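Beneath this line is the structure, given in structure tokens, with notes to follow.
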Amino acid sequence: MSDLLLTPENRFQKQIEERLKKDGVELSVLNLGPTHPATHGIFQNILLMDGETILDGEGTVGYIHRAFEKIAENRPFYQINVLTDRLNYCSSPINNTGWWMTVEKALGIEIPKRVQYLRVIIMELARIADHIICSSVMGVDTGALTGFLYVMQYREKIYEIYEEICGARLTTNMGRIGGFEREWSETAWRKIDEFLNEFPAVWTEFENMLSRNRIFMDRTIGAGAVPAEMAMSYGFTGPNLRAAGIDYDVRVAQPYCSYEDFEFDVPVGQNGDCYDRFCVRNAEVWESMKIIRQAIAKMPEGPYHADVPEYYLPPKEDVYQNMEALIYHFKIVMGEIPVPNTEVYHAVEGGNGELGFYLITNGSRVPYRLHFRRPCFIYYQAFNEIVKGRSLSDAIITLSSMNVIAGELDC
Amino acid sequence: MSLDNQTIQKKLVDTFGLDIIEYHESHDILTFEINSKKNHEIIKFLKENKDLNFNFLTDVCGVHFPDYEKERQFAVVYHLHNWFQNVRIRIKCFTNAENPNVDSVVDLYKSANWQERETYDFYGIKFNNHPQLKRILNMDEMESFPLRKEFPMEDQGRTDKDDRFFGRISNNC
């Protein structure tokens with residue numbers, strides 16, 4: 001049996017004994033996690049340490065595995081949306097929209113331009129919220145709590161926008177098949193405007209505080225470097241990949257939701273280290289704001305949902321007055337919607353990479369198989385190789401710079 | 001020259017003949033089925049051939065088809081992506097019910113490591129030559145493979161979700 005199949009504790013015990021016999025060096029095993037403030041989520045790393053240096057490590061994941069793929073096989077499409085919220089809970093609207101787009105692709109529904117633009121706005125706001133957390137938490141892990149508390153207020157403002165649009169803040173369950181559940185209110189638009197006016201100054205200040213800060217640079221430059229070749233082999237996507245210098249972005253490579261209508265740059269880094277990841281995320285926040293401004297400026301007229309009565313719930317007044325509406329209402333709620341026999345892969349650029357939905361339907365009211373391609377699950381496996389031979393403090397900052405979200409990791 | 005689906009298909013037919021069957025396009029992604037004995041060889045060709053150049057393994061997952069014949073009950077589905085020409089393909093690899101196994105592609109794409117472990121964890125599909133084939137999300141002591149269709153999810157005693165009450169038959173729920 002290969003040593004790798006042992007539990008990490010047993011495997012490392014063997015190495016400790018061998019090393020002690022060989023040259024009398026005492027190695028130790030360090031348990032980082034499952035609940036540790038620096039892991040920012042529930043997953044465990046068992047590390048073999050020589051003093052401060054990490055010799056080997058093994059990640060144990062699955063502490064918040066909730067079997068979403070199994071649950072999804074027993075739920076109609078509109079109930080699966082609440083599962084996607086809980087994947088990357090820092091940017092739920094991206095997951096929600098990605099899921100609706102997958103369903104719409106499978107059902108062959110055309111989405112009005114206005115809905116697409118609204119979706120772009122909400123997805124970019126979600127991306128900003130996601131990057132705000134990741135970048136500011138990097139500050140926290142290097143000892144600068146102020147920036148985190150400062151920009152957290154603005155994440156709160158984004159959450160207020162979500163609240164105006166869909167009524168929820170963290171697990172948004174936003175949208176329906178074909179569009180949004182209601183028209184965006186005046187207040188929502190006002191709050192978006194306020195955010196766009198106030199946030200640039202705040203973000204500039206935050207960037208000024210950290211990006212040329214000697215302490216921060218010393219901690220992050222060169223730490224957790226991932227060369228482009230390795231990033232590609234390990235399936236990196238999103239800001240982590242772009243930090244390594246590869247300009248792959250799903251929004252550009254395979255534009256969905258009218259992203260081709262907007263002008264924006266794809267920021268890339270050079271060395272793929274923590275500092276580059278930080279800079280790429282910060283630059284992406286500016287690009288997201290650029291996209292939101294363009295979407296607001298170019299916002300077309302039109303309805304806030306597609307005209308698909310088979311899939312989109314009718315207004316409640318109509319259900320009481322109008323027979324067709326009652327029929328559709330009943331059929332949708334009971335899950336009796338027509339579904340073709342097909343398979344779809346749809347990817348969106350999530351907060352931390354390519355979030356893919358692989359859906360197989362067989363004509364029944366539930367998916368036959370639904371697989372989530374979770375970016376963090378795929379790139380987190382590189383963590384042990386990245387930190388090998390580095391110090392523990394590098395490992396901590398690498399972990400926070402990779403934006404690993406436990407909910408998405410474990411699915 | 002841009003790489004289109006016909007070119008990919010022609011190249012594969014020329015090289016592998018009948019080891020690859022059932023070419024079709026599903027929502028713009030070329031999908032085909034490959035001989036499960038040769039999955040490593042075919043994926044290696046797709047990755048290393050200069051014209052095809054599928055440099056990125058997007059996704060690996062399993063699917064269970066209990067209604068198919070015994071030889072084809074489990075499928076491993078690979079999504080590959082060529083970033084240079086921006087083409088995606090989907091490869092399906094069917095394996096048998098008694099001893100589901102295919103070759104691992106970890107040596108080609110490191111990202112396959114955990115994804116294959118996940119597939120093993122949920123479907124019990126063995127990946128030959130995998131360096132560390134053990135469970136990943138579920139606990140090591142678990143004996144069943146939870147994403148197989150026969151694995152019950154909910155309390156079977158519940159009657160409020162009985163599909164007969166909604167005019168459905170059991171395989172149409």
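Numerical summary
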item: Out of A:Ala201, A:Ala188, A:Ala168, A:Ala231, sole residue that is assigned to a helix (DSSP H, G or I), under 30 Å from A:Glu110 (Cβ atoms) and of a type outside the set (Phe, Trp, Tyr); result: A:Ala188
item: Count of the range A:174-220 residues which are surrounded by 14 or more Cβ atoms within 10 Å (Cβ to Cβ) and of a type outside the set (Lys, Arg); result: 25
item: Residue that is away from every other protein chain (no Cβ under 11 Å) and of a type in the set (Lys, Arg), where the choices are A:Arg86, A:Arg75; result: A:Arg86
item: Residue list for the range B:54-73, filter: under 15 Å from B:Gln115 (Cβ atoms) and of a type in the set (Phe, Trp, Tyr); result: B:Phe56
item: Evaluation of B:Glu22 against (1) under 22 Å from A:Ser233 (Cβ atoms); (2) out of contact with any helix residue (DSSP H, G or I) (no Cβ under 9 Å at 6 or more places or on another chain); (3) not hydroxyl-bearing (Ser, Thr, Tyr) (one fails), failing number; result: (1)
item: Check on A:Asp141, over 22 Å from the mean Cα position of the chain (by Cα) and among the acidic types (Asp, Glu); result: no
item: Residue that is within 28 Å of A:Cys274 (Cα to Cα) and basic (Lys, Arg), where the choices are A:Lys105, A:Lys157, A:Lys113, A:Lys191; result: A:Lys157
item: Any chance B:Met142 is facing chain A (nearest Cβ under 9 Å), under 26 Å from A:Arg66 (Cα atoms) and without any contact (Cβ under 8 Å) to a residue 12 or more places away in the chain; result: no
item: Where a residue in the range B:116-129 is at positive phi and its partner, wherever it lies, is of a type outside the set (Ser, Thr, Tyr), with Cβ under 7 Å and at least six apart; result: B:Gly124/B:Pro100; B:Gly124/B:Phe145; B:Asn129/B:Asp103
item: Search result, residues across the range B:77-136 that are under 14 Å from B:Lys44 (Cβ atoms) and in a strand (DSSP E or B); result: B:Tyr78, B:Leu80, B:Ile91, B:Cys93, B:Val102, B:Asp103
item: The range A:232-255: number of residues that are out of contact with any strand residue (DSSP E or B) (no Cβ under 6 Å at 6 or more places or on another chain) and more than 12 Å from chain B (Cβ to nearest Cβ); result: 6
item: Subset of the range B:1-30 (residues that are under 24 Å from B:Arg72 (Cβ atoms), at pLDDT below 85 and of a type in the set (Ser, Thr, Tyr)); result: B:Ser26
item: Looking only at the range B:99-120, and only at residues there that are of a type in the set (Asp, Glu) and within 14 Å of the chain's Cα centre (by Cα), the one that is farthest from the other protein chains (Cβ to nearest Cβ); result: B:Asp103
item: Residues (touching an Asp or Glu at 6+ places or on another chain (Cβ under 6 Å) and buried (at least 23 other Cβ atoms within 10 Å of the Cβ)) located in the range A:336-348; result: A:Ala347
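Table: residues versus (1) within 30 Å of A:Leu30 (Cα to Cα); (2) surrounded by 24 or more Cβ atoms within 10 Å (Cβ to Cβ).
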| residue | (1), (2) |
| --- | --- |
| A:Gly351 | no, yes |
| A:Glu354 | no, yes |
| A:Ile360 | no, no |
| A:Leu370 | no, yes |
| A:Pro375 | yes, yes |
| A:Gln381 | yes, no |
| A:Val404 | yes, yes |
| A:Leu409 | yes, yes |
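Per-residue answers, yes or no, for (1) outside any helix (DSSP H, G or I); (2) among the acidic types (Asp, Glu); (3) at positive phi:
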{"site": "A:Met209", "(1), (2), (3)": "no, no, no"}
{"site": "A:Pro239", "(1), (2), (3)": "no, no, no"}
{"site": "A:Phe264", "(1), (2), (3)": "yes, no, no"}
{"site": "A:Asn271", "(1), (2), (3)": "yes, no, no"}
{"site": "A:Asp276", "(1), (2), (3)": "no, yes, no"}
{"site": "A:Arg281", "(1), (2), (3)": "no, no, no"}
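Residues are listed down the side, and each one gets a yes or a no for (1) farther than 17 Å from B:Ser26 by Cα; (2) more than 16 Å from the chain's Cα centre (by Cα); (3) not hydrophobic (A, V, I, L, M, F, W, C):
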| site | (1), (2), (3) |
| --- | --- |
| B:Asp59 | no, no, yes |
| B:Phe74 | yes, no, no |
| B:Leu80 | no, no, no |
| B:Ile91 | no, no, no |
| B:Ala97 | yes, no, no |
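The values are calculated or read from the model by the stated rules, or taken from the named source; none is laboratory data. Worth saying up front: this structure is predicted, and the values here are computed from it rather than measured. Backbone-built Cβ (ideal geometry, glycine too); neighbour counts: all protein chains shown.
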